[in-house]
Amino acid sequence: MPPVRILHASDLHIAVKAKLTSVFDQISAGMYFHALRPRALASTYDPAILLRLADLIYHDYNGRYINQAAHRLDAVLLTGDLATTGKHHDLEAAVKFIDGPVHPYLPTQTPDYVPTLASSRTPVWLLPGNHDRLRSAKLTGYSPGGKIFDTLFASHWSSPITEYDPILNLSGLSVAVIGADFNLEHKRQREGRWWNKYAQGRVHQSVLDELELATQRIQAKHAASSQDELAIIWAIHFPPKSPAVATSMKLIDDEHLVEAGNRCGISAILAGHTHEPVRYQTPGMKFEVFCAGTATQDFAPRGHYFHILSLSLDAGRNLEIDWENYRFDATNSRFMLV
Amino acid sequence: MIDIDDLIEKKLFFRPSATLAQAIVGLNQTFVSQFLQSDWDNEELDLEEDEDVDDPSAAFDSSLMVQATTAATGRDRVEDEYQRVIGDRLYHFLASMTESPYAREGGRFPLWEVIPGGMSTMLGVPRESDLLHTLTEEFRNWLLREHRGTYKGPWWVVSLDDDDALVLKEIASKQDYLEALAKKRGAFAAAARETSGVG
């Protein structure tokens, strides 16, 4: 029976203009103070790898490269940090990636050769990460709380909760995905004074309440109208209880999120943020967390990754989640299964 | 059938001259800095931010400094890296065009249009820059002089026709090749068994 297949990528870090040298390159070249200039701190993306990601998603509708079993993708989920900053110009570049326009004969590029998914026949779901919420600040360069994302992505994202449509349905299994925004709303919500302190998230109780209500609503509606098994997935930028996250980048109050996930009987949380692809479950957690690496950020010492989750039912109608990791292979100019 | 030796390593692909690579990176840095500065000048700032300035002594964590100190910083290596980045991005851009429906239908890509246009985005420099013209010229010369107008990648071929248009075609992938090779070896083995009469 065909599984439900979701391509999960994260942390694209698209910018209006890609920098050819990252902050790390500048430091290593001895330009310490140049690198420290506040507005040079945000890293940017590799447009060529973004283009190859768009190609793969566009062409794989027919199972050409990544769906060897000819099972097409059912959805693409981008769990935040689509842009380098939450400033208008960077977010507009990210909007181009999602919505185009499309070049007359290159379906994965805009007329000015920016990579785009606009021609893809696979639904694209997204949510904001901490970079998408960065706004200008006087001395530290950037501060959390930017709202431009909500305006520019209004057709894809309704803050702070989005129930993605359609609910995926195959072989007796329905899969509903809900996105939630746990970004800092203001700089004072951060903890500590570490460098990169605004990379933290916080489990806002009001957002968590909405997330639980939306989950319960979907579950009740499904129970009344379908015999299918229902799997609920939450999509969040910040991975809770992550084994790979620095204190300066943690999700504050993440225990509340875990408790709510347990209460709601969710199957998984899909997240990004750490730039490290990892699948984990901590003690007391009744669901798994699937954390995507960065798909396209230029500085990626661990490589460029996305993964595909295949959800299906076993003979006993228990949910099985298969996890395929793909890494960009520069020689082949393609993401390859690892 | 392609030969295994033809599965060319990407390192043999085009690299711009060191001078050009340095100039492109310099233009990119200047352009991005100017863009950010003008953006900074035209924006209302969050004045509350003064109270929450980063502590400079905590600006970097130790892992960052380790990366900084372990990275080689010689000029040659930096220039080599610039050349690699630019060559890589052109390589991936051509690979992308090869997979387009237009290329599969035999469409041709005007060299002097698609390379400056595409590489403007790939390299973050203005499309009208003379450096993109020079990059196109260096690539054209490399293709003609070192590959007689046709370069074969792991799964694609790029050719330059008489009208200075690129023709991009997919060829067998490495996986396809290895599978074909295995079948061929299987056929040889079967033929050998028949010849020797061994079952």
Name the residues in the stretch A:235-284 that are surrounded by 16 or more Cβ atoms within 10 Å (Cβ to Cβ) and β-branched (Val, Ile, Thr), would you? A:Ile236, A:Val245, A:Ile252, A:Val258, A:Ile266, A:Ile269, A:Thr274, A:Val278
Considering only residues that are within 22 Å of A:Pro47 (Cα to Cα) and surrounded by 20 or more Cβ atoms within 10 Å (Cβ to Cβ), look in the stretch B:137-155 and name the one that is farthest from the other protein chains (Cβ to nearest Cβ). B:Phe139
For A:Asp322, the lone unmet condition from (1) closer than 30 Å to B:Val157 by Cβ; (2) at pLDDT below 95 is (1)
Given the stretch A:287-338, what strands (runs of 3 or more DSSP E) lie entirely inside it while holding 2 or more residues that are under 17 Å from the mean Cα position of the chain (by Cα)? A:288-291, A:305-313, A:319-329
List pairs: first in the stretch A:158-178 and among the acidic types (Asp, Glu), second part of a strand (DSSP E or B) and open to solvent by less than 60 Å² (accessible area, probe 1.4 Å), Cβ under 6 Å, 6+ apart or cross-chain? A:Glu163/A:Ile178
Please count how many residues of the stretch A:304-338 are within 14 Å of chain B (Cβ to nearest Cβ) and of a type outside the set (Phe, Trp, Tyr). 9
Being open to solvent by 20 Å² or more (accessible area, probe 1.4 Å) and at pLDDT below 95 is the filter here; which residues of the stretch A:285-299 pass it? A:Asp298, A:Phe299
Which of the residues spanning the stretch A:134-151 are modelled with pLDDT of 95 or more and touching a Leu at 6+ places or on another chain (Cβ under 7 Å)? A:Ile148, A:Phe149
Could you please find all residues in the stretch A:206-232 being surrounded by 13 or more Cβ atoms within 10 Å (Cβ to Cβ), farther than 19 Å from A:Leu170 by Cα and among the small types (Gly, Ala, Ser)? A:Ala214
Any residue that is under 17 Å from the mean Cα position of the chain (by Cα) and surrounded by fewer than 22 Cβ atoms within 10 Å (Cβ to Cβ) - is there at least one of those in the stretch A:134-150? yes
Can you say whether A:Ser120 is away from chain B (no Cβ under 12 Å) and either open to solvent by less than 10 Å² (accessible area, probe 1.4 Å) or closer than 21 Å to B:Met97 by Cα (or both), as far as the supplied structure shows? yes
Helices (runs of 4 or more DSSP H) (entirely within the stretch B:36-117) containing at least 2 residues that are more than 7 Å from every other protein chain (Cβ to nearest Cβ), at pLDDT 95 or above and surrounded by 15 or more Cβ atoms within 10 Å (Cβ to Cβ): B:75-98
For the stretch B:118-134 the number of residues that are facing chain A (nearest Cβ under 9 Å) and within 17 Å of the chain's Cα centre (by Cα) is 8
Do we have any residue at all in the stretch B:158-167 that's closer than 29 Å to B:Gln22 by Cβ, at pLDDT 95 or above, crowded, with 17+ Cβ neighbours inside 10 Å and over 14 Å from the mean Cα position of the chain (by Cα)? yes
Restricting to the stretch A:90-106, give me the number of residues that are open to solvent by 20 Å² or more (accessible area, probe 1.4 Å) and not hydrophobic (A, V, I, L, M, F, W, C). 6
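The values are calculated or read from the model by the stated rules, or taken from the named source; none is laboratory data. Since the model is a prediction, treat every value here as computed from it, not as a measurement. Neighbour counts are summed over all protein chains in view; Cβ atoms, including those assigned to glycine, are modelled from backbone coordinates with ideal geometry. Calculation scope for accessible area: heavy atoms of the full protein, side chains included, ligands and nucleic acids excluded. Shrake-Rupley method; radii C 1.70, N 1.55, O 1.52, S 1.80 Å.
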